[in-house]
Amino acid sequence: MRETTIQVLPTVALRGVTILPNMVMHFDINREKSVQAVEEAMLKDERIFLVTQKNTAVQDPTLDDLYEIGNIALVKQVLRLPKGMLRVLAEGTERAELLDFETTEGLLRSKVAVCDDGDEAPMDEVEQMAFMDNLKDLFSAYAQEGKRISKDLQIQIMDIDELEKLVDQIAINMPVSYVQRQRLLEAVSLRDRYFVLSGLLANEVEAIKIRTELQMHIKERIDENQKEYILREQLKEIREELGDDDVQSDIRKFREETEKLQAPDEVKEKLFAEIRRFENVVGNPSESGVIRGYIETLLGLPWDKMGRDNRDLKKARKVLEADHYGLEKVKERILEYLAVRLITKKGEAPILCLVGPPGTGKTSISKSIARALGRTHIRVSLGGVRDEAEIRGHRRTYIGAMPGRIAAGLHKAGVKNPLMLLDEIDKTGSDHRGDIASALLEVLDPEENDKFSDHYVELPIDLSEVLFVATANDVNAIPRPLLDRMELIEISSYTDNEKMHIAKEHLVPKQIRTNGLKKGQLEITDEALAIVMDGYTREAGVRNLERQIGQICRKTALKCQEEKKKSIVVTPENLEDFLGRRKFTEETANEKPEIGIVRGLAWTSVGGVTLETEVNIMPGKGAFVLTGQLGDVMKESAQTAVSYIRSSAEKWKIEPEFFDKHDIHIHIPEGAVPKDGPSAGITMASAMVSAITGIPARCDVAMTGEITLRGRVLPIGGLKEKLLAARKAKIRTVLVPEKNRPDVEEMDKEITEGLEIVFVRTMEDVLPRILVSEGKDANE
């Protein structure tokens with residue numbers, strides 16, 4: 001760009017307007033400096049410098065407030081308007097660069113230099129034609145899409161055959177902002193003006209297309225909404241004529257129920273706000289349905305509504321004793337809570353976790369507790385639940401959202417102090433949707449659950465008055481933080497005597513009623529019940545026993561109908577007519593001592609069992625084989641036992657090279673049944689010592705205990721079930737770890753009666769009692 005001689009011209013700083021060369025337009029001015037500048041131009045040669053302000057809000061611009069390139073224009077006409085305003089008609093002539101300006105004699109004068117594009121390389125004819133064709137295509141598309149250029153003007157511009165004139169005419173007639181027009185003004189060379197103009201045209205075409213599409217979408221939506229609105233208004237009028245104005249009656253009903261609701265002010269404020277929303281979205285069925293469901297949920301929750309507790313301690317004890325035989329710890333804990341409640345008038349509700357095998361009455365005792373306390377019983381099944389939203393609820397933004405199971409349970413109970421049973425709490429899961437156990441931490445924490453947060457309800461719910469009772473089969477499956485919040489009560493297996501009492505006092509009368517029999521139509525002798533327990537069921541609880549009694553009742557009903565019998569007595573002799581052949585045989589002790597066979601005791605989910613451990617020694621190269629579907633812990637116990645025997649080989653008179661020249665094979669029968677745990681450690685060690693030394697092992701002795709590398713015997717669990725299994729197998733002596741002595745001392749005599757329980761500390765205590773000494777009777 002080459003600059004010409006510097007000129008000094010009167011100047012007007014334009015606000016929101018940019019004038020291009022060859023462009024004729026009018027503008028209004030009222031600033032005194034601008035008025036003086038126009039008047040001076042009219043008195044002289046009518047030439048004036050027009051430059052645009054960067055910020056239209058500036059009243060007294062400086063050099064930095066103005067664009068560098070302006071336009072030297074000729075003032076064609078001036079009109080005086082009211083309030084000292086001038087309307088000026090001017091024609092742009094040529095671009096000029098603003099070098100400096102000053103205020104003299106009350107007006108702005110600028111030093112400017114006319115811009116010249118003489119330094120630009122000239123374009124050849126082919127390039128100009130290409131530029132013109134492209135520019136005409138863009139302008140044609142702009143004119144068709146925008147429809148802001150008249151047909152006559154389109155024809156005039158399309159007929160122009162000179163590039164510079166075409167660029168200037170399109171730039172002048174395009175309705176663009178002053179900022180975009182300033183960019184065209186600052187493009188001094190023809191090539192620069194072409195590229196700036198082409199970019200503006202292309203952008204405008206795209207913007208017009210987008211605006212057109214948006215307008216079409218908006219119009220379609222408005223038309224659809226307008227149609228729906230008209231139809232709904234008509235429907236509303238029809239309903240009013242028929243007197244069927246359900247929505248308004250629902251709104252009135254919601255307001256009345258909110259006024260009567262026993263709830264904190266925060267809840268009522270929320271309800272009134274939602275009712276107002278519901279009233280405003282009557283025409284939107286999807287939104288109104290969501291709000292209606294939310295209002296009904298809030299109205300149904302028992303915010304401050306309490307149920308009346310039973311305060312009669314004797315009545316509570318009577319109910320608990322009548323419904324269940326045994327379960328003394330559970331009953332005692334509930335009566336303790338009730339006693340404290342009677343004294344203090346409040347008392348913190350306990351959070352109990354009943355752990356025990358299936359069928360031991362964990363779920364049914366919760367119903368008895370609710371009856372004893374006079375509370376509503378709510379069962380929440382957690383078995384297999386994986387989604388955290390099942391506990392905390394779904395947020396209302398989701399379609400089909402609903403409150404969590406805890407809030408839903410309270411809604412169903414209708415009072416804030418029910419007994420809530422969390423059934424199968426050990427069988428919850430976790431995945432990408434959250435961890436149920438973590439969600440339950442807030443529910444079962446007495447310090448936090450007075451403000452439990454449900455995502456759907458969005459208001460704090462008080463769970464401090466709820467009596468939570470959880471049930472589980474395996475305490476090891478419950479995460480430690482969750483277990484720490486609950487009071488653990490273990491419900492162990494029933495003894496034969498307990499099962500007999502339960503069957504006679506509860507199960508038989510219940511099944512007689514269930515199957516429509518009358519009193520006196522069926523009698524089951526004690527001997528027959530004993531055979532049912534031993535020969536047809538093998539469990540820790542009484543669930544299968546109840547099924548077998550139910551089958552006897554059904555067979556009795558059939559006989560009474562077909563054979564017209566008035567009463568039937570079930571005895572050991574005719575029991576098979578009702579239940580078929582025995583399903584289980586008695587596990588009894590071996591008849592005589594054998595080498596390498598020792599009986600151990602194991603705990604299973606259905607009670608205790610005895611397991612024979614067999615060991616064979618064969619010539620070989622020191623291989624060690626374990627079979628019987630043993631778990632990793634049990635295999636490690638066997639390895640520990642071998643290491644102990646090898647380290648103390650001299651004590652048991654075993655040759656040092658014995659283990660290099662022989663293979664040892666340990667097998668535990670019933671290979672289809674998985675087995676695991678450390679409590680068979682001393683059993684496997686004793687069987688191996690018997691097999692290696694050739695000394696028979698006593699057949700009337702059973703044992704349980706974990707072994708260490710140094711031969712120490714560590715404590716184990718499930719001792720009650722194991723001792724019951726030993727009694728059933730007619731075992732005389734049971735070897736038990738010394739550290740389990742407190743467990744044995746707490747047991748009823750019914751369990752330990754007839755058993756000689758020997759407490760052992762080390763393998764040196766175990767082996768003399770299991771191996772048959774020379775010259776002694778095998779069963780001594």
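Round to the nearest 10 and give me the degree value, 0 to 90, for the angle of helix 719-728's Cα axis relative to the longest principal axis of the chain. Between helix and principal axis, roughly 40 degrees.
If R0 equals 30 Å, the separation of the Cβ atoms of K76 and A202 corresponds to a calculated FRET efficiency of about 0.30.
Here r is the Cβ-Cβ distance between E39 and D64 and R0 is 35 Å; the resulting FRET efficiency, rounded to 0.05, is 0.85.
Amide H contacts for T93 (H built 1.01 Å from N in the peptide plane; partners 5 or more residues away or on another chain; cut-off under 5 Å): N22, I72, A73, L74.
Estimated from the Cβ-Cβ distance and a Förster radius of 22 angstrom, the FRET efficiency linking N590 and Q629 is about 0.45.
Rounded to the nearest 10 degrees, the angle from helix 190-242 to the longest Cα principal axis of the chain is 60 degrees. Relative contact order of the stretch 694-780, taken over Cα pairs closer than 8 Å and 6 or more residues apart, is 38 percent.
Need one word for the stretch 592-637: rounded, prolate or oblate. Basis is the Cα gyration tensor (sqrt eigenvalues a ≥ b ≥ c); a/c below 1.5 gives rounded, then a/b vs b/c decides. Oblate, because a/c is 1.5 or more while a/b does not exceed b/c.
Packing-based ranking of 461-472, 642-653, 5-16, 377-388 yields 461-472, 5-16, 377-388, 642-653, ordered from highest to lowest mean Cβ neighbour count within 10 Å. Under the simplified labelling scheme, the D137-Q156 pair shows an inter-label distance of 2.7 nm, with each label point 7 Å from Cα along Cα→Cβ.
In a reduced charge model with +1 at each Lys and Arg Cβ and -1 at each Asp and Glu Cβ, the stretch 561-695 shows a dipole moment near 160 debye about its Cα centre.
Calculate the length of the line joining the C-alpha centroid of the stretch 520-589 to that of the stretch 597-626, in whole Å. What the calculation gives is 35 Å, centre to centre. Taking a ≥ b ≥ c as the square roots of the eigenvalues of the Cα gyration tensor of the stretch 665-780, is the shape rounded (a/c under 1.5), prolate (a/b larger than b/c) or oblate? Rounded. By DSSP, the beta bridges lying fully in the chain are antiparallel in about 60 percent of cases. Taking other residues whose beta carbon is less than 14 angstrom from the beta carbon of E562, and scoring Lys, Arg as +1 and Asp, Glu as -1, yields +4. Solvent-accessible area of the chain (1.4 angstrom probe, protein heavy atoms only): carbon and sulfur portion equals 48 percent.
Relative contact order of the stretch 610-681: 59 percent, from C-alpha pairs under 8 Å at least 6 residues apart in sequence. Against the chain, whose longest principal axis comes from its Cα atoms, helix 163-173 is set at around 70 degrees. Cross-linked pairs K592/K635; K722/K749; K318/K416; K329/K427; K315/K499; K367/K451: Cα-Cα separations exceed 19 Å for K592/K635; K318/K416; K329/K427; K315/K499; K367/K451.
Taking the empirical scaling 2.2 N^0.38 Å for compact globular proteins as reference, the stretch 22-137 has a Cα radius of gyration ratio of 1.30.
Relative contact order, whole percent, for the chain stands at 7, derived from Cα pairs under 8 Å and 6 or more residues apart. What you get for the chain, charging only the Cβ of Lys and Arg (+1) and of Asp and Glu (-1), is a dipole of about 4560 debye around the Cα centre.
Return one whole number: the accessible area per residue of the stretch 373-472 in Å², for a 1.4 Å probe. Let's see the in-between values first.
Values: 3940 Å² over 100 residues.
With all protein chains present, the stretch 373-472 gives 39 Å² per residue.
Using a probe of 1.4 angstrom and keeping all protein chains present, the accessible surface of the stretch 669-780 works out to 45 square angstrom per residue. Full extension of the chain between D28 and R211 yields a length gain of 62.7 nm, computed as 0.36 nm times the residue separation minus the alpha carbon distance. Only Lys, Arg, Asp and Glu carry charge here, each on its Cβ (+1 for the first two, -1 for the last two); on that basis the stretch 335-396 has a dipole of about 280 debye about its Cα centre. The residues of the stretch 1-86 expose on average 53 square angstrom of accessible surface per residue, using a 1.4 Å probe on protein heavy atoms.
Here P(r) over Cα pairs in 20 Å bins from 0, in percent was calculated from the structure, and among (1) 12, 23, 19, 15, 13, 14, 3, 0; (2) 12, 23, 17, 14, 20, 13, 1; (3) 16, 49, 30, 5, 0 it sits at label (1). In terms of accessible area, using a 1.4 Å probe and ignoring ligands and nucleic acids, D124, D474 rank largest first as D124, D474. Protection proxy ranking of 291-300, 514-523, by the mean of other Cβ atoms within 10 Å over each peptide's residues and highest first, is 291-300, 514-523.
The values are calculated or read from the model by the stated rules, or taken from the named source; none is laboratory data. Just so we're clear, the structure is a prediction, and the values are computed from it rather than from any experiment. As a convention, Cβ positions derive from the backbone with ideal geometry for all residues, glycine included, and neighbour counts pool all protein chains shown. Note: accessible area is taken over every heavy atom of the protein model, side chains too, but ligands, DNA and RNA are not part of it. Shrake-Rupley method; radii C 1.70, N 1.55, O 1.52, S 1.80 Å.
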